[in-house]
Amino acid sequence: MFISHHWIRSWYDHCYRGARTVFIPVVLLLMLPAQAQVADAKAEALVEALRLSAPKTGIPNDGLYSDWKIKPDNIARWSKRCSGRELTPTEFESNPLLARQILVCVMGRVLREQFAASNNNEVVAVQRAAAWWMTGDPNQYNIPPTSVYTLKVLESYLRFF
């Protein structure tokens, strides 16, 4: 049986182009869970670094809740966004596992935003996220006194990697 060069070339082009157009999206899809896991691990490390860097006010009823020292209005807003249910500060404080999950949800989003804002510079992204946590303004990350705090958070964060 004679197979023309044209037929072979057409078959090769069809297979090669088809494989390439299927291969790239499949590889990208396979990479997404790994990237999500990395992002989750980084968010978890950031949340723990924030806990370790929380201010020690020495005042028993300082108006801040949990090991992270969070304002009550943030607890209500963040718990509603991330768990679908608005928690009271007491509920939040009494359930550290749920509190951590909510904070990973909140800070994961913030950290991803700060990665983008810092051209994927992890050190700057962590500092910007810490500044957001402290002041609500990530641009304060390198301005005293916020910069002292953001460096403390960064130091704690880097211990996990």
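Pull up the range 104-118, narrow it to residues that are crowded, with 18+ Cβ neighbours inside 10 Å and over 11 Å from Glu44 (Cα atoms), then point me to the one that is nearest to the chain's Cα centre (by Cα).
For the range 104-118, the residue satisfying everything is Val110.
For the range 71-126, which positions are under 21 Å from Pro138 (Cα atoms) and of a type in the set (Lys, Arg)?
Answer for the range 71-126, where residues must be under 21 Å from Pro138 (Cα atoms) and of a type in the set (Lys, Arg): Lys71, Arg77, Arg81, Arg109, Arg112.
Of the residues Val126, Val104, which single one is touching an Asp or Glu at 6+ places or on another chain (Cβ under 7 Å) and in contact (Cβ under 8 Å) with a residue 60 or more places away in the chain?
After applying the criteria, what remains is Val104.
Output the residue which, of all residues in the range 38-95 that are touching an Asp or Glu at 6+ places or on another chain (Cβ under 7 Å) and of a type in the set (D, E, K, R), is farthest from Tyr149 (Cα to Cα).
Lys80
Given the criteria surrounded by 15 or more Cβ atoms within 10 Å (Cβ to Cβ) and either part of a loop (DSSP other than H, G, I, E, B) or touching a residue at least 40 places away in the same chain (Cβ under 8 Å) (or both), does Leu154 qualify?
For Leu154, the condition - surrounded by 15 or more Cβ atoms within 10 Å (Cβ to Cβ) and either part of a loop (DSSP other than H, G, I, E, B) or touching a residue at least 40 places away in the same chain (Cβ under 8 Å) (or both) - is met.
Inside the range 71-145, counting only helices (runs of 4 or more DSSP H) that do not spill past its ends, which hold 2 or more residues that are among the aromatic types (Phe, Trp, Tyr)?
Correct list: 122-135.
Quickly run through the range 56-101 and pick out the residues that are surrounded by 13 or more Cβ atoms within 10 Å (Cβ to Cβ), among the charged types (D, E, K, R) and either without any contact (Cβ under 8 Å) to a residue 24 or more places away in the chain or in contact with a His (Cβ under 7 Å, 6 or more places away or on another chain) (or both).
Lys69, Arg77, Lys80, Glu86, Glu91
Readers should treat all values here as calculations from the given coordinates under stated rules, not as data from a laboratory. The structure presented is a predicted model; accordingly, all values stated were derived computationally and were not measured. Neighbour counts run over all protein chains shown; Cβ positions are idealised from the backbone, glycine included.
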